[in-house]
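Report on the following structure.
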Amino acid sequence: MREYEPGDRMKPPGGALRLIKPGILCLMILVFFAAFLSPIDYSGSDSQGTLLTAQALVKTGTLKLDPYFECTSVPSPKVLVEFSGKYRLIRGHCYYSFPVGSALASVPFVWLANLAGEDMVDAEADARLQNLISATLVAFTALLAFILSRCFAGETASLVLATAFVCGSPLISTMGTALWSSDFATVFVLLCLVLIARHVRRGSSLKPWLLGVLLAFAVLCRPTAGVFALVVLGLIFFRSARDGGRVLVSMGLAIVPFVVYSLLEFGRFLPDYYSPLKRLPQPTLMLVGLAGIVIIAVGGYRVVRRTSATMSRTRRLAERGAVVLLLVTVGLMVILVAGHDTLARRLLPLPLSLTISAVNGSLVSPSRGLLVFCPFFVVAGAVLALQYRAVRRDPLLRLAVAWFGLHCAGVARPLRWHGGHCYGPRVFTEAFPAVMILTLIAWEHLAERKTRRRRVALFAFLLASIVSIFMHTYQGLFNVWTLRWNSRPDIDVYQEDLFKWRYAQFLASRLRVERRLVDHRTAGLSTFPLGREVSMADGITAYFHDWSVQSAKSWGPSRRTLAKKSAVWFIPGRGVREVKGYSAITLQLVTGADSPLRVFVRVNGEDVELLTIDRRSAAWYTVGFPSILLKPNVPNEISFEVFPSDIPGSGILPNIRLWLKIGA
């Protein structure tokens, strides 16, 4: 097996070398402030509770959160547990539901914040500290990405690659928006990879004791990092049983205290969140088990082939046995993928189609797909496929491929594969270093060739990297509509939108988000017959966008505008275009401001009237427009834009009250 020399192939010429170290420093500062100043804030999601748990450790030395609920608006832990998945009751005490590794790693930050007078009970203080820690971790990740790249490429190339890896990936769009459990896990994973890459590429000491501790902390921060730990242990044992034993012992010594604490505190070896059987879908467990059979069979064959050179008969039997096991495994996988056999249905209580859809969505869906959000990985994959014979024996390639494949299987949980309210492929954050390794190997082999194909590949990689940086650093950190996209409407309910390109999250804008919401709200509307009063009840004949709930007035039920621009959506029946002359809209309007208002009335985006409404009168207004503006049997919009948008000195949003009738 060929070992590679240190990454010194693409050294910058002459004076450019002096600019590299300031360059990585500038990159760290840039990504820190990009994450720190980002208006996108997910700190109220799963991460809320991490710093409160760290504060409990600092002040009480325990994970129990019971004392803090007396300081909140929640009357009791039972109410909190009933309405929130962030906390749960165990043995009569309340605990944070998510991994505690990030809370342990955050203890120094919380201790300093407490000294400065900050209290993590305060949601704003919690959000501020989350923002500071996450921005710091993003900056440190940029440094680690550069160090890792130096094992494969020269300094200039490493700076370019580190920029693409951090600014064009979930390392900034996820890690920079909240203190997710994957933030610290990704840092520990990158530290492990730096040790392994230096050992494989440069022949430096592996430092197995340190590697084991880092692996343990990665798993404590994010249980899915256990896949990475297993693959690393397999690689180390394959290369050196002695080093593998040291890594395993070190990892065990780091985890045993946590297991003992869990037994004493919770009455179980590990908290529920760390249980692999509860975190992975059964189809995934079956596929992982079958893959394990293949690995054992092939590994056994390799061992026999190496150690039994004079035992030809034994070698032939081992080879045939491995082939038989491989064929049986492939056959079972085909049965599982087909999903039609009785055995498959017995083995898989959940429809396999859901798991396949989850894998497909996590890789290529327009709103969560890793390959969509990181197109430079597509270029790297193509290069590796073309250079397969040259790279197939690379141990780091095997590590990355096995890790990435098992992680894909691990996150393919039906109904939860998309990661909830987030941006892009959040569930791949802690596994993204596998993508980095594969990309670095591809870059390394491109650097060895001076051909036209190399120039085309480098140009495609740089172009794809620019697209990735735009999608993650700009759209993911500074486009607030990518945040609102998750809830308008709730993506946890309407997961089918994750596969629709017209609703792609990275293209989110006010118009696209509002259109998506309207599409869903108008999907169940009944056809509206012209000449009748529009029902003020939602979901019957009209959808009121940015209006209040209906209220009773002397002239009938009405609604109040909640924004500068509000709209009514309805579906006219057939025959609209045959109506002669003008269709009349009768409005009952009452101002809610202290001065006269002007209201722009539009039909399907076309201006039809500018109304001036007296501030105290409740008068009838009739607006006419050509019937050609209405479109039969599809949703139509009548919008009302109030001007001015605010009243100087009052701070009150001006509004109108509406009673509506549409007639021919």
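The values are calculated or read from the model by the stated rules, or taken from the named source; none is laboratory data. Quick caveat: nothing in here was measured; it's all calculated off a predicted structure. Using ideal geometry, Cβ is built from the backbone for each residue, glycine included, and neighbour counts are taken over all protein chains shown. Note: accessible area is taken over every heavy atom of the protein model, side chains too, but ligands, DNA and RNA are not part of it. Shrake-Rupley method; radii C 1.70, N 1.55, O 1.52, S 1.80 Å.
Calculate the FRET efficiency for LYS564 and TRP501 from the Cβ-Cβ distance with a Förster distance of 35 Å, rounded to the nearest 0.05.
Efficiency computed from Cβ-Cβ geometry: 0.70.
Taking the solvent-accessible surface of protein heavy atoms with a 1.4 Å probe, what is the per residue accessible area of the range 378-497 in Å²?
Per-residue accessible area for the range 378-497 comes out at 41 Å².
Quick one: length gained pulling ARG510 to LEU610 fully straight, 0.36 nm per residue minus the C-alpha distance?
Separation in residues times 0.36 nm, less the Cα-Cα distance, equals 33.6 nm.
How high is the FRET efficiency between PHE459 and TYR388 when r is their beta carbon distance and R₀ equals 30 Å, given to the nearest 0.05?
0.85
Could you sort PHE266, PHE470, PHE459 by their accessible area in this structure, using a 1.4 Å probe and putting the largest first?
Accessible-area ranking of PHE266, PHE470, PHE459, largest first: PHE459, PHE470, PHE266.
Give me the distance in nm between label points sitting 7 Å out from Cα along the Cα-to-Cβ direction at ARG268 and SER205, one decimal.
4.1
Enter the accessible area per residue of the range 188-266 (Å², integer; probe 1.4 Å; all protein chains in place).
Heavy-atom accessible area per residue stands at 40 Å².
Tell me the label-point distance for the pair ASP490, LYS631, using the 7 Å Cα-to-Cβ offset, in nm and rounded to one decimal.
Distance between the two pseudo-spin positions: 3.0 nm.
ILE29 to THR527: extension gain in nm, 0.36 nm per residue of separation minus the Cα-Cα distance?
173.6 nm
Please give the solvent-accessible surface of ILE40 in Å², to the nearest 10, using a probe radius of 1.4 Å with every protein chain present.
Surface accessible to solvent at ILE40 totals approximately 10 Å².
Ordering VAL493, VAL231 by how much accessible area each has at a 1.4 Å probe, largest first, what is the list?
Reading off the accessible areas and sorting them downward yields VAL493, VAL231.
Kindly list the residues of the range 384-425 that lie in the label zone of GLU448, defined by a backbone N under 14 Å from the point 7 Å along the Cα-to-C-beta vector.
384-397
Can you pick out the pairs among LYS21/LYS450; LYS64/LYS86; LYS59/LYS86 whose Cα atoms lie more than 25 Å from each other?
LYS21/LYS450
Modelled label-to-label distance, ARG128 and LYS21, 7 Å Cα→beta-carbon offset: nm?
Between ARG128 and LYS21, the simple spin-label model gives 3.6 nm.
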